[in-house]
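Contents: one structure, followed by commentary.
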Amino acid sequence: MPDAGLLAPCPCSGEGQGIPPLVLFGIAAVGVWLVHRAWRAWRKDGVFRMSKAWKIAIVVALVAVVAIVIINKQRVPSPTTDKSGQSAAQVSQPAAGLPRLLDLGSVSCIPCKMMAPILEELKKEYAGKLQVDFIDVNANAEAGAQYGIKLIPTQVFFDASGKECFRHEGFFSKEDILAKWKDLGIDLSAGSASPAPTFERLTPAKADDRPKDTVCSMCDGDINPKTLVVVKSAKGDVRLCGPHCYFILYSCLTEDKTDFEKKVSVTDWGDGKTVPLTEALFLYGADEKTGRPTIKAFAGREAAEKERQASGGNILAWNVLQEKELATRCGFCDRMVYPQDAARVVTADGIHTWGCCSHCALGVAARTGKDITVYQPDRLTGEMIVVRTLSGSVASLEPKTAVTWFGLRKAPDGKFVSAGCFHQGFFVSEENLRKWVEQNPIETGRLIPISQALADKMKLSPQQIQKACKIGECAPK
Ligand SMILES: [Zn+2]
Ligand SMILES: [Zn+2]
């Protein structure tokens, strides 16, 4: 059984272990020097006569040593009592007939500290259903040692008979803990004091009565006849609101893309005539406020040049435009994305990428296996929401009230499936989400905690991640 004192401290723990070695070395050096000077003075005079300066120096040194001893003593809690004042015997005694969650950690390591509010919440919300205990293994080494843990924090799950049924090492989110109890066949939710958020709308508040040929197959937005793009397919024409949605579609294809562009036609911005994609010229500009690209197609250079003089921008051939459009991708599903529309994602090792929607942004943690920070504005107000993950769980949420909308749509077989990236979003509060749903009568789905959205992504296999958001795999079209 490993000694609790030798447990691997969390790399990020910043655990206080008394006085740093360099300071101790300094104190020892000063001590040696003082003794040496005293010895020389005694040898020289035969008597050790203490000058006033010497007296002050020795008093200062003594006070410093006493202060350090006191500070150190305060840092090391008594060996049989943890922070909550429980003795080893108390914390290790399970209550009869209740499943029990035991967290072994310390009061100073960062993931351990992050566990503390979760344990408190579980203790309150599942009082009478679940026993929740914490052992500070630094303060209570004996109690920790008997569980044979290798690192902190470790959570041990016991069934009602006291038999260990699972253990987990590292930070473990509340949702993951509850999901694990469920997996273990122990239902804590029945009659729970705080049921999971339940807001949902699975039937649109208003039927989508727009004629089908005026709705973009990719984003469900209205099609402006001046920017219509048509893709010929075996199932008929696919109509898109503009070149940007075409390139999104192109980046989501899993089929062989050789000569795909030959199936595509665009609309001349000036005269509304249909032009094969490969023969068109594109006036590529940027929105002055947001920098978001604007694209207008033309059959001939003359019309394109006229519009360029009026509204600015550059004239590009289709293949140059394609290269530009495909350069920025979603870090989860690989779909092309404009940064102006996307969530910003930074991995723990400083790589910047994007999530084409809030759920995809969380998926970057699953695809890369790295801790990430997601910056995504509220879909209603634009207020920023920041999510930090740690080992595949939510480590922090700003603001704490933030929730996510999981857009769902009924598939032909009657089951609800993801409505696709355009129909997801973060909100700073449930209130904002409800307002947005009200303003968007066609949207269907449900509110879920952001931690659950992340957990859903972390469950995906590499094969599932590869298919994520691809045409035919995601939205039921
Ligand atoms: Zn569209
Ligand atoms: Zn994506």
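The values are calculated or read from the model by the stated rules, or taken from the named source; none is laboratory data. Values in this document were obtained by computation on a predicted structure and should not be read as measured data. Cβ placement follows ideal geometry from the backbone for every residue including glycine, while neighbour counts extend to all protein chains displayed. With ligands, DNA and RNA removed, areas are computed over all heavy atoms of the protein, side chains included. Shrake-Rupley method; radii C 1.70, N 1.55, O 1.52, S 1.80 Å.
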In the stretch 364-383, how many are out of contact with any strand residue (DSSP E or B) (no Cβ under 7 Å at 6 or more places or on another chain) and either closer than 22 Å to C219 by Cα or open to solvent by less than 30 Å² (accessible area, probe 1.4 Å) (or both)?
3
Mind checking which strands (runs of 3 or more DSSP E) fall wholly inside the stretch 133-243 and carry at least 2 residues that are touching a residue at least 24 places away in the same chain (Cβ under 8 Å) and either within 32 Å of the chain's Cα centre (by Cα) or over 30 Å from L98 (Cβ atoms) (or both)?
154-158, 229-233, 236-240
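One line per residue, one yes/no per condition, for (1) open to solvent by less than 80 Å² (accessible area, probe 1.4 Å); (2) closer than 30 Å to I372 by Cα; (3) not hydrophobic (A, V, I, L, M, F, W, C):
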| residue | (1), (2), (3) |
| --- | --- |
| D271 | no, no, yes |
| T274 | no, no, yes |
| L281 | yes, no, no |
| I295 | yes, no, no |
| Q309 | no, no, yes |
| V320 | yes, no, no |
| L326 | yes, yes, no |
| F332 | yes, yes, no |
Hits in the stretch 428-456 (condition: under 23 Å from the mean Cα position of the chain (by Cα), farther than 20 Å from P377 by Cβ and of a type outside the set (G, A, S)):
R446, Q452, D456
Do we find a residue being modelled with pLDDT under 90 and surrounded by 11 or more Cβ atoms within 10 Å (Cβ to Cβ) anywhere in the stretch 200-220?
no
Working only within the stretch 384-414, note down all residues that are out of contact with any strand residue (DSSP E or B) (no Cβ under 8 Å at 6 or more places or on another chain), surrounded by 15 or more Cβ atoms within 10 Å (Cβ to Cβ) and within 24 Å of E430 (Cβ to Cβ).
S393
Would you please name the residue that is farthest from A361 (Cα to Cα), looking only at residues in the stretch 400-438 that are β-branched (V, I, T) and assigned to a strand (DSSP E or B)?
V417
Could you tell me which numbered condition N440 fails, if it satisfies all but one of (1) without any contact (Cβ under 8 Å) to a residue 24 or more places away in the chain; (2) open to solvent by less than 40 Å² (accessible area, probe 1.4 Å)?
(2)
Given (1) part of a strand (DSSP E or B); (2) in contact with a Leu (Cβ under 7 Å, 6 or more places away or on another chain), identify the lone condition not met by Y246.
(1)
Could you list, in sequence order, the residues of the stretch 227-241 that are near ligand 1 (Cβ under 10 Å from one of its atoms) and open to solvent by 10 Å² or more (accessible area, probe 1.4 Å)?
T227, R239, C241
Residues of the stretch 113-159 satisfying the condition of being among the aromatic types (F, W, Y) and either open to solvent by 10 Å² or more (accessible area, probe 1.4 Å) or at pLDDT below 90 (or both)
Y126, F134, Y147, F158
Selection within the stretch 418-437 - open to solvent by 40 Å² or more (accessible area, probe 1.4 Å) and either touching a strand residue (DSSP E or B) at 6+ places or on another chain (Cβ under 9 Å) or within 16 Å of ligand 2 (Cβ to nearest atom) (or both)
F422, E430, R434, K435
